[in-house]
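Structure first, then comments.
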Amino acid sequence: MENILKKLTSTFQKQYENTPIAKYFAPGRVNLIGEHIDYNGGYVFPCAITQGTYGVACKRDDQIVRCYSLNFPDFGPVEFNLEDIIYDDADEWVEYVKGMVQLTMEEGHSIDNGFDLVIYGNIPNGAGLSSSASLEMLVGVLLEDLYTLDIDRLDLIKIGKRVENEIIGVSTGIMDQFAIGMGQKDMAIHLNTNNLDYEMVPANFKENIILIMNTNKRRELAGSKYNERRQECELALEILQVEADIQALSDLTVNQFEDLKHLLTDETLLQRARHVVYENARVSETVDVLKQGNLERFGELLAASHMSLKEDYDITGAELDALVNAALSQEGVLGARMTGAGMGGCAIALVNKEKVDAIIEKVQEIYTEEIGYEASFYIAEVGDGAKVLN
């Protein structure tokens, strides 16, 4: 971290001929289980990770905001005016900065002048570890700090979600921003996305670690199957509401769903709803088995989750399936599944610490032979949420 902040500071001085006065960090997130549930009103189980987005900033005396990323050095600084924020797809990642600034001001908070910002992220872009929500929460914490704003953390999280939904145009739920905003070291979050009640659960994996396996197939969230799946779930919900007094698919227990599934005569809608109901149940069981220290059953639930995402939700794809299958065939792997929106991005595996190097080597060999290019691997440590750095 220290080297990253030094590089950010020197770049800031070079780009803006000034010195930053504040430093910030917002993590990425891994959802341990509970995929595509956050917009279906159920339970998810994410944690913040130690990879994330770093930023250094300084206020200006005018209305200009200037943004520069070490990840895209040839892109150059992009600037916009607080008095007339104009969105342009060509500005790419800066659109998230604009959105956070605009919606924060719309919520009644005073941002009286601009700022200069330099960022660097060590989350693989487009990998499904929520780099966009990480950037949103970084900017949110920056605004809160630089302008001494009185913003409840949950309100900041909701602003980040609005940026995704209203500015970027992706129908995400609130899980990503919540995990990144509320994360705590060595804790996972058992979150009810329907009412935002949550419980912090110790992420104690004993002699195992969470291995992140990146397919290196980029997937653009807005262009993925994400919005399509959400629409299909909404259609299934409308059909089931004819006989069931429910507000979301996740309101159904497994038994209730089995009694009602005859209503879903469209096989695709049946499959989508079945994934949601059973995945929601898997989240609750996961919390129980982790509290009991039953990591073998946790691994089984991870594998069952992936199978459901493949067979019923049709959201995995050849690359994710190859990684998960390769991992599950290795000694020392208790379970594996895709994480994130799917169709590329990352999978996770629960792996014995002593065997991780051998497992990575073997999974890489199988994946490269099957897919034609290499995957990337990262150890996921459970870290803190978005914060000001001293």
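The table that follows gives values for the structure above.
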item: Selection from region 107-125 of residues that are surrounded by fewer than 20 Cβ atoms within 10 Å (Cβ to Cβ) and either under 18 Å from Val56 (Cβ atoms) or in contact with a helix residue (DSSP H, G or I) (Cβ under 9 Å, 6 or more places away or on another chain) (or both); result: Glu107, His109, Ile111, Asn113, Tyr120, Asn122, Asn125
item: Test: residue in region 181-194 that is part of a helix (DSSP H, G or I) and touching a strand residue (DSSP E or B) at 6+ places or on another chain (Cβ under 7 Å); result: yes
item: Gly340 being on the phi > 0 side of the Ramachandran plot and either crowded, with 21+ Cβ neighbours inside 10 Å or within 21 Å of the chain's Cα centre (by Cα) (or both); result: yes
item: Residues of region 65-93 that turn out to be part of a strand (DSSP E or B) and over 19 Å from His109 (Cβ atoms), as a count; result: 6
item: Long-range neighbours under 7 Å by Cβ, at least six apart or interchain, first residue in the same structural domain as Gln102 (by TED's automatic domain parsing) and surrounded by 15 or more Cβ atoms within 10 Å (Cβ to Cβ) within region 59-73, second in a strand (DSSP E or B) and among the charged types (D, E, K, R); result: Arg60/Asp116; Ile64/Glu79; Val65/Glu79; Arg66/Glu79; Arg66/Asp116
item: Number of positions in region 302-360 that are within 18 Å of Ser376 (Cβ to Cβ), charged (D, E, K, R) and touching a Gly at 6+ places or on another chain (Cβ under 9 Å); result: 1
item: Filter pass, Gln51 being farther than 22 Å from Gly140 by Cα, in contact (Cβ under 8 Å) with a residue 40 or more places away in the chain and out of contact with any helix residue (DSSP H, G or I) (no Cβ under 8 Å at 6 or more places or on another chain); result: no
item: Failed item, numbered, when His36 is tested on (1) touching a strand residue (DSSP E or B) at 6+ places or on another chain (Cβ under 6 Å); (2) surrounded by 20 or more Cβ atoms within 10 Å (Cβ to Cβ); result: (1)
item: Test: residue in region 114-127 that is in contact with a strand residue (DSSP E or B) (Cβ under 7 Å, 6 or more places away or on another chain) and free of Cβ contacts under 8 Å to residues at least 60 places away in the same chain; result: yes
item: Enumeration of residues in region 101-156 that are in a loop (DSSP other than H, G, I, E, B) and within 27 Å of Met343 (Cβ to Cβ); result: Asn122, Ile123, Pro124, Asn125, Gly126, Ala127, Gly128, Leu129, Ser130
item: Residue check for Ala303: part of a helix (DSSP H, G or I), at pLDDT 95 or above and in contact with a strand residue (DSSP E or B) (Cβ under 6 Å, 6 or more places away or on another chain); result: yes
item: Top-ranked residue of region 306-342 - restricted to ones that are among the hydrophobic types (A, V, I, L, M, F, W, C) and in a strand (DSSP E or B), ranked as modelled with the lowest pLDDT; result: Met338
item: Hey, Lys217 buried (at least 16 other Cβ atoms within 10 Å of the Cβ) and either outside the structural domain of Val351 (by TED's automatic domain parsing) or modelled with pLDDT under 95 (or both) or not; result: yes
item: Subset of region 343-377 that is assigned to a loop (DSSP other than H, G, I, E, B) and over 18 Å from the mean Cα position of the chain (by Cα) - its residue that is surrounded by the most Cβ atoms within 10 Å (Cβ to Cβ); result: Ala375
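The values are calculated or read from the model by the stated rules, or taken from the named source; none is laboratory data. Only a predicted model underlies this, so the values are computations on that prediction, with no experimental measurement involved. Methodologically, a virtual Cβ is constructed for each residue, glycine included, from the backbone with ideal geometry; neighbour enumeration extends over all protein chains shown.
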